[in-house]
Amino acid sequence: MIDYKSLGLSEEDLKVIYKWMDLGRKIDERLWLLNRAGKIPFVVSGQGQEATQIGMAYALEEGDITAPYYRDLAFVTYMGISAYDTFLSAFGKKDDVNSGGKQMPSHFSSRAKNILSQSSPVATQIPHAVGAALALKMDGKKKIATATVGEGSSNQGDFHEGLNFAGVHKLPFVCVIINNKYAISVPDSLQYAAEKLSDRALGYGIHGEQVDGNNPLAMYKAMKEARERAISGQGSTLIEAVTSRMTAHSSDDDDQYRTKEEREALKKADCNEKFKKELLSAGIIDDAWLAEIEAEHKDIINKATKAAEDAPYPSVEEAYAFVYEEGSLN
């Protein structure tokens with residue numbers, strides 16, 4: 001385990017980090033159960049990426065602006081999107097905080113939590129977040145904007161345009177590439193020829209580094225340092241977090257492009273299990289504490305599931321809201 005004390009963290013911090021990793025995982029697992037039961041139409045999972053997500057989130061400060069991508073369930077849960085909010089979105093209910101039940105699940109959005117609205121085309125959130133970073137700089141605020149993308153998104157034009165602009169203008173922006181080695185079914189060997197995606201930072205004149213995305217403390221350290229550089233006027237950072245995707249691309253994908261052995265190996269490398277074992281070995285947590293957390297999270301998820309399932313759907317008339325300008329044609 002990384003020397004957490006050198007990062008300014010305490011044993012209590014490590015317990016909090018694990019709790020959020022576990023809650024994100026448990027919400028994710030419930031979504032799959034609901035999908036397989038025929039109650040919700042679609043799931044896109046973040047299982048295996050919780051260490052990256054919570055390590056990153058834990059280094060952010062109030063007032064920072066984030067532009068997550070569709071696998072960032074644990075991240076947005078930490079940022080304030082509750083289990084109930086997530087299930088409302090999954091069921092397509094009226095009070096869904098992301099879109100009022102109109103958008104696909106996992107398209108996160110919350111003005112109150114500084115989470116920028118997300119669209120389905122990948123990498124489009126990068127120019128949005130870079131624009132937010134420009135606004136923060138112009139306003140003289142000691143805050144940053146972040147965007148996360150999968151490694152497949154790093155080959156999109158929006159990625160280049162956003163990073164290039166951020167580099168030229170030395171913006172307080174951090175882009176995190178969550179490299180789980182597959183863009184749907186396309187392996188990394190067919191996506192890019194570079195040894196490290198973080199090396200692309202050199203072309204933008206910004207700091208770049210590759211980190212172990214399965215280690216929440218490594219991710220925390222990288223994001224904390226990136227944030228400090230950003231608010232001190234040293235410009236943007238590109239972080240490549242190497243991690244894994246434990247599930248199929250989505251609930252509509254059979255995952256047959258990966259061998260059974262490869263899928264089993266990913267389960268053995270589960271970041272949540274790895275971090276839990278490290279905390280147990282260090283005597284920071286014990287089985288009684290884990291049982292308490294398990295019961296707490298089960299209660300949260302059961303109550304949130306029922307409340308969301310019982311919540312009303314949008315009315316037919318609401319389908320037209322925010323589509324056309326309201327008013328008279330005369």
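Structural remarks
- Placed amide H near ILE65: partners under 5 Å, 5+ positions off or other chain: ILE144, ALA145, THR146
- Cα centroid separation - the range 89-117 against the range 144-164, whole Å: 22
- Across the range 270-330, the fraction of Cα-Cα pairs farther apart than 14 Å, rounded to a whole number, is 76%.
- Close amide-amide hydrogen proximity is noted between GLY150 and ILE178, each under 5 Å apart and 5 or more residues distant or on a separate chain (H modeled in the peptide plane; Pro and chain starts excluded).
- Considering only the chain, percent of DSSP beta bridges that pair antiparallel, nearest 5: 10
- Ordering of 69-77, 115-123 by burial proxy (mean other Cβ atoms within 10 Å per residue, highest first): 69-77, 115-123
- Stokes-Einstein D for the range 1-114, Kirkwood Rh over Cα pairs, 10 °C, 1.306 mPa s (µm²/s): 108
- Percentage relative contact order, the range 202-330, counting C-alpha pairs under 8 Å, at least six apart: 18
- Residues in the range 90-98 carry Karplus couplings, in order, of 5, 7, x, 8, 4, 8, 3, 6, 6 Hz; the curve used is 6.51 cos²θ - 1.76 cosθ + 1.60 with θ = phi - 60°, and Gly or Pro positions show x.
- Packing-based exposure ordering (other Cβ within 10 Å, fewest first) of SER89, SER189, SER250: SER189, SER250, SER89
- Taking the chain and dividing mean pair separation by its residue count, relative contact order in percent (alpha carbons under 8 Å, at least six apart): 22
- Per-residue ³J(HN,Hα) for the range 54-62, Karplus 6.51 cos²θ - 1.76 cosθ + 1.60, θ = phi - 60°, Hz, x for Gly and Pro: 6, x, 5, 4, 5, 8, 7, 10, 4
- Phi angles across the range 302-309 convert, under the Karplus curve 6.51 cos²θ - 1.76 cosθ + 1.60 with θ = phi - 60°, into 3J(HN,Hα) values of 4, 5, 5, 4, 5, 5, 5, 5 Hz, Gly and Pro given as x.
- Length released on extending from LYS276 to ASP255, taking residue separation times 0.36 nm less the Cα-Cα span: 4.8 nm
- Summary of packing: across the peptides 293-301, 171-179, 147-155, the per-residue average of other C-beta atoms within 10 Å ranks them, highest first, as 171-179, 147-155, 293-301.
Every number here is computed from the coordinates shown, using simple stated rules; none is lab data. Given the structure is predicted, the values throughout are model-derived calculations rather than measurements. Cβ atoms come from the backbone with ideal geometry, glycine included; neighbour counts cover every protein chain shown.
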